[in-house]
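Structure first, commentary second.
Any read-out appearing in this document is the output of simple, stated calculations on the displayed coordinates, not a laboratory observation. It should be emphasised that the depicted structure is a prediction, and the values quoted were computed from it without experimental measurement. A quick note on method: Cβ atoms are made from the backbone with ideal geometry, for glycine too, and the neighbour counts reach across all protein chains shown.
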Amino acid sequence: MQTLIEALQGTADLVVNRFYEELARLPKSRRILEMLSEQELAHLKMRQVQNLLAIAQPGLASKAHADMAMRIGRIHAIVGLDKEELVRSRGILQELVYKLIGRSVSSQSLSLYSRRLTSDTAWQLKAYQSVEDSQQEVLQRITRIVWEAGGYTHFIDQVIATLAAHDEVTACAIGRPDANGIFHFEAGAGGGNGSDALLNVLTTLGHEISVRADHAHGQGAVGRAWRSGNPERVVNYQTDPLVAHWREVAEREGLRSAVALPLTAPGQTPIAILMLYSAYPGGFVGPDQVAFIELLQTLLGCAVTRLQTHDGLHVAAVPMSVRQHWAALVRTGALEMHYQPLLSLASGHCGKVEALARLRDGDRLLMPDEFLFALASDDLLELFARGLAQALADRAQWLAAGHDLEVSINLPPAALNDIRYFDATRELLAAHACPSARLTLEVLENEALSLNQGQRAILAKFRALGVLLAQDDLGSGHSGLARLRELPFDWIKIDREIAHLGGVTTLDALRVVYQVTRLGHSLGKLVLAEGVDAADLLEALAILGVDGAQGYVIARPMPADELAVWIGGTARVSDAGAAASVLARLARFIVWEERVRMIAAMPGAARDLLGANDLREPLAEALMGLGDILPAGETRDAIQRDLLRALPGGRESAAWRAAMARLMQAIEAAAQEATATAHAH
């Protein structure tokens with residue numbers, strides 16, 4: 001072998017130069033070589049010479065050779081050299097070795113070297129399979145993430161973590177543009193000096209990235225992908241003139257190529273751009289890589305519809321540096337819990353408060369809508385644990401002052417996939433000696449709350465612990481009623497939008513509240529309305545049977561010490577005009593209407609009811625009539641008679657609509673008269 005080594009040392013440069021001349025004649029190999037700068041091509045030839053000499057070493061062990069060959073094969077796979085081209089190029093190399101040194105070395109040495117070259121090719125092909133396996137594993141993980149992620153921030157963090165572990169990805173980052181089209185990275189991993197090295201570089205370098213075509217820095221892969229909706233590539237940072245201002249940092253960070261992948265549904269504007277970076281020129285352009293990127297984009301596109309319904313996409317992109325700052329605030333004593341009273345509409349007293357998180361950032365007090373969606377999964381867990389600890393400590397102080405209050409706190413949807421939330425709840429209840437029944441956990445109603453066995457098991461653990469469960473924002477998702485039936489909630493919180501009052505829809509909105517309340521009660525659950533901002537709405541909710549309410553008309557969220565003062569000095573919220581308001585009268589009409597319809601469904605009773613002439617006497621009077629809705633008189637009796645007789649035709653009949661129009665006019669007139677009388681006194 002020594003003779004072979006000496007021959008190679010004298011002719012290796014010639015062998016390699018001839019080799020690359022031959023490769024340049026092969027279309028697929030030529031495409032790869034054309035991606036390289038002159039410096040990169042010279043470096044590649046030097047490494048090829050070193051590889052030829054290394055294979056000839058007498059002491060080369062099989063394992064060392066396999067490791068070296070698979071490392072090179074991995075590179076070939078990543079840069080898109082297909083297997084057939086690899087085998088053909090290795091055949092060319094062997095022919096050149098035979099031709100240029102075959103006469104100067106023994107046949108035995110040449111035969112051994114040939115076997116090593118053949119083994120080298122086999123191990124390289126094995127590396128191809130390893131890269132393909134990694135691709136399949138990534139796609140399987142991304143598929144699970146697409147359907148299980150509970151929100152945008154959680155989604156992008158999981159996607160980044162999965163892709164950063166993939167063989168072909170040296171670094172990755174994801175982000176969105178602001179209103180001016182300037183792109184901001186929101187999450188990332190990889191780079192030369194640690195898991196977030198690239199993000200630190202990108203956020204401190206000061207280079208703007210734009211998605212606008214008329215911007216000086218809008219022609220890079222990010223901008224092109226945003227505008228086209230298709231993957232856009234940087235084949236080589238060292239040769240692509242469109243990204244010349246990134247050339248230096250890319251070289252320093254070991255990044256040679258990239259692909260910008262828009263997260264978008266077909267025909268829609270992207271919601272974000274995912275950047276994948278390769279350590280080699282020409283990454284993500286080979287046939288296997290193109291197929292992988294297309295499948296990845298399809299999967300991420302499936303997530304777009306789900307993500308667009310979650311918090312985090314209705315606000316501007318939050319740079320990674322800001323996310324890190326907010327996460328640090330959660331862990332450094334900046335968390336302040338405020339409390340909003342929940343009023344019992346039956347007793348008129350406050351026996352429960354909802355704990356709401358705030359973050360103190362200098363002179364600013366950040367609301368959950370500003371920071372919550374931007375926190376990673378571990379940050380959310382930390383926020384929950386610290387917030388619950390603070391709330392239970394404050395409850396103990398209120399109890400010492402004579403106020404035995406229940407506490408309600410939000411439980412993120414991620415908690416039903418993470419047993420650590422249950423462990424934290426159990427430990428904190430014990431540490432603060434709080435009876436579990438005095439704590440309610442509010443689970444936000446959204447699409448992330450599926451009904452798989454693992455989530456049911458965690459819910460069962462919370463129930464076994466004795467805490468109460470509330471379904472928050474019923475109606476904000478698409479399957480709340482199914483979950484209401486299937487999941488073990490004690491409370492239902494009606495989403496403020498489901499009962500949005502305004503114009504001609506007011507009556508229907510109140511009807512929805514009434515029916516949801518009846519449904520909740522029939523299932524043994526209590527019903528609470530949030531976002532109540534007027535005394536007349538509060539009165540209407542009480543008439544409709546709602547158990548509790550919270551909102552600005554009762555009290556705004558406040559610090560713990562202010563709450564103690566409020567509890568001690570505040571009676572039931574009252575407004576003398578609320579009982580006579582339009583909303584209160586409409587609520588009473590809804591209750592009356594429902595009772596009449598139930599009676600009318602009974603054959604005998606329906607005949608008596610609908611045939612009654614004196615509506616002050618028989619069954620109609622027993623149903624309380626419209627006495628609490630309109631003042632006594634011929635107008636009231638006529639409207640009631642018209643409503644009863646129009647009942648068989650249904651709510652869409654002309655007779656019913658005419659009677660309802662008269663009723664609405666009479667209610668508004670009666671309310672105005674009551675208001676004027678109250679002001680006169």
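Using only Cα atoms and rounding to the nearest 10 degrees, what angle (0 to 90) does helix 654-680 make with the longest principal axis of the chain?
With both axes taken from Cα atoms, the answer is about 70 degrees.
Would you pull out the residues with amide H under 5 Å of Met558's amide H, same chain only if 5 or more places away, H placed 1.01 Å from N?
Sorted by chain and number, the residues that satisfy this are Tyr339, Gln340.
Suppose we keep just the DSSP beta bridges with both residues in the chain; what percent of those would be antiparallel, to 5?
Working: 38 of 61 bridges.
Looking only at bridges with both residues in the chain, the antiparallel portion is about 60 percent.
Between Leu469 and residues 5 or more places away or on another chain, which pairs have amide H atoms under 5 Å apart, with H built 1.01 Å from N, and which residues are they?
Here the answer is Leu441, Asp490, Trp491, since their amide H atoms fall under 5 Å of that of Leu469.
Tell me the angle of helix 38-55 to the major Cα principal axis of the chain, expressed in degrees between 0 and 90 and rounded to the nearest ten.
70
Answer with a single label: of (i) 29.1, 93; (ii) 25.5, 85; (iii) 35.7, 126, which was calculated as Rg and Dmax of the Cα atoms in Å from the structure in view?
Given (i) 29.1, 93; (ii) 25.5, 85; (iii) 35.7, 126, the structure-derived one carries the label (iii).
May I ask for log10 I(q)/I(0) of region 150-307 at q = 0.10, 0.20 Å⁻¹, from a Debye sum over the Cα atoms as equal point scatterers with solvent left out?
Cα-only, vacuum Debye calculation for region 150-307: -0.31, -1.44.
Taking the Cβ of each residue in Ser37, Ser62 as the centre, tally the other Cβ atoms inside 10 Å and list the residues starting with the fewest.
Working: Ser37 14, Ser62 10.
So the residues, fewest neighbours to most, are Ser62, Ser37.
Could you tell me the center-to-center distance, by alpha carbons, between region 122-184 and region 17-93 in angstrom?
After rounding, the separation between the Cα centres reads 28 Å.
Any idea what the alpha-carbon Rg over 2.2 N^0.38 Å comes to for region 2-136?
Values: Rg = 14.7 Å, N = 135, 2.2 N^0.38 = 14.2 Å.
Compactness ratio reported: 1.04.
Taking a ≥ b ≥ c as the square roots of the eigenvalues of the Cα gyration tensor of region 56-135, is the shape rounded (a/c under 1.5), prolate (a/b larger than b/c) or oblate? Walk me through the numbers on the way to the answer.
Details: a/c = 3.35, a/b = 1.69, b/c = 1.99.
Oblate shape, in that a/c is at least 1.5 and b/c is the bigger or equal ratio.
Relative to the longest principal axis of the chain, what angle (0 to 90°, nearest 10) does the C-alpha long axis of helix 634-646 take?
That works out to roughly 50 degrees.
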